[in-house]
1. Among the lysines, select those whose C-alpha is under 29 Å from the C-alpha of LYS256, and discard any that sit fewer than 8 residues away in the same chain.
2. Around ASN261, with a cut-off of 14 angstrom between Cβ atoms, what is the net charge of the other residues, counting Lys and Arg +1 and Asp and Glu -1?
3. Can you give the local net charge around LYS244? Use residues other than it whose beta-carbon is closer than 13 angstrom to its beta-carbon, Lys and Arg +1, Asp and Glu -1.
4. Taking the highest mean first, how do the peptides 247-260, 292-305 order by number of other beta carbon atoms within 10 angstrom per residue?
5. Given 5 Å bins starting at zero, what is the percent of C-alpha pairs of region 415-504 in each, up to the one with the largest pair distance?
6. List, in the order given, every pair from LYS167/LYS484; LYS39/LYS161; LYS90/LYS210; LYS324/LYS362 whose Cα-Cα distance in the structure shown is over 24 Å.
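Just so you know, all these numbers are worked out from the coordinates, no wet-lab data involved. Only a predicted model underlies this, so the values are computations on that prediction, with no experimental measurement involved. Please note: Cβ atoms are built from the backbone with ideal geometry, for glycine as well, and neighbour counts cover all protein chains shown.
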Amino acid sequence: MITDRYVLESLDRLSQRGSPNAKLEPYIQTVSRSIQQGKYCRNLLSLETLEEVREEPLTIDYVTILCYYILTNECLLQLPRAYETVRYFKSVQSTQRNELLYSLQTAPERLWRSLPGLPKCLIKSDLHNRLAQCEDFVNHYTESLGRLMVEFRLGDPLSLKEGLHHKLNALSQFLKLDSTNILDILRATGKVTEGIGSTTTVAGNVPAVKPPSSVTRYWPAALLALCYGPTSLLVIWRSREIIKQFLQENVVDFIKGLVINWVYTPLKQVWATVRHDDDNSIAVMSQGTLSSESSSLTRMIVHFMQENTSQSLNEEQLVSQVEKGDLTQFLKIYETQLEHPVRNIASGALIRSLLIQIQKTKVDGSLALNGIDRMLQSQQLVFGVVALSPALLIIYTLTTFAYRLCKIGRLWSYRSQHKELLSRSLNNAERLLNYDEVKAEESYWNQGLLAIEVTTVHQMGLTLIPRSTWEQWTRDVAELTDPKLSLTSRLHVVYRIHHTYASYF
């Protein structure tokens, strides 16, 4: 909590003046260790132990610090929940639908209170009264917390005796006691751990504020489940074969198909691609097609030239030209045949030339397809990874849900809600730091509200920032309520928090 550093510094100053009693020392060490670990310890000294050691030097000083530690931490833990209750009743008042739902949820309670007669108040007046009571409660204890934090620290610069009396008076005023006896203060502090509103009342005997219980809010749903649950279970039992078939087709087969067709098979293809396995390569034509067709074309042209030329023929040169796509010698004979097309068609020579050109077209097509094959094979790993990506995304999502369900206890993360709450509390803290000239009562209320908002900022920040920066985060947030810093310096701390941790918010 934000007051822990002050408590730890106070205990260090007291230890310089003298060590606590042997029976008191374990409590002091437990509190110090808890503060250093960032935890809150409710381990309060017993009245019997205090009665035994109250005459020892510095005992009352140590117990006073412990009581301050307990009271401030309990307020900072419980008051944010009270403010949530205020927001709950405001949300109920915001829409007519919420009011109707609230009236249904609280109908049994209101009828029980008003029997044997008519309801004493309407829903709107009931909501208004409860909201007013909650606001009076939180305003009272927010001001009391601020007064305690300010007045208690004002005893530090005084002499030892006057400072102790001033701190005891601050504790007594917060607990609404008539005396500053340390036994009475310790007894009342122990009751506060049960709830800051459980033993004291404000604004006309208002009990500790809280929203309606879970039983009150969910009894309509429970009643519907009780009425229609057995019938629904019977229908489900009679339809168990249909449900079993549905689950088999839409759940089991889906998971099986997902794993085999979209995880195992793509992974196998990616692995084969990395190993350069030719059996699993992507291709639009069979292997060897280009070489066989090119060889066939070469033989056709060589035989054709041997039969249709009277000059000596260099076969090696002709083969080399055909392999490069140069058919100049063949086309010269073809041009000669076109001079007498009818005669050459009748003899079959022109038809043979045309078939050779068709074979040349097939070779060109195979060559183009071979280029496409090479391009596909060069990108085969990319295609495999892309085919695997949807399944990996689904598996990652399911794994994340399973982890949250097992480790956190819920499927959905409240990260967005935490960001919104942190932003709102940090904005309120900055707004409160701008109020430098206010009345004393308003100053106490502002100080208490600032402590509550900064505590919320600290707790929400721990859920958003990495664990490695927790210590730095705690130090920066604690400076927002450090009375040693001026208001301008604390506003600069707000700016530093925005600049340093904005990426996490």
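1. By straight Cα distance, LYS256 reaches LYS244, LYS268, LYS407.
2. Once all neighbours under 14 Å are counted, the net charge is +1.
3. Taking every Cβ under 13 Å from that of LYS244, the sum is -1.
4. Going by the mean number of other Cβ atoms within 10 Å, highest first, we get 292-305, 247-260.
5. 2, 14, 27, 27, 16, 9, 4, 1, 0
6. LYS39/LYS161
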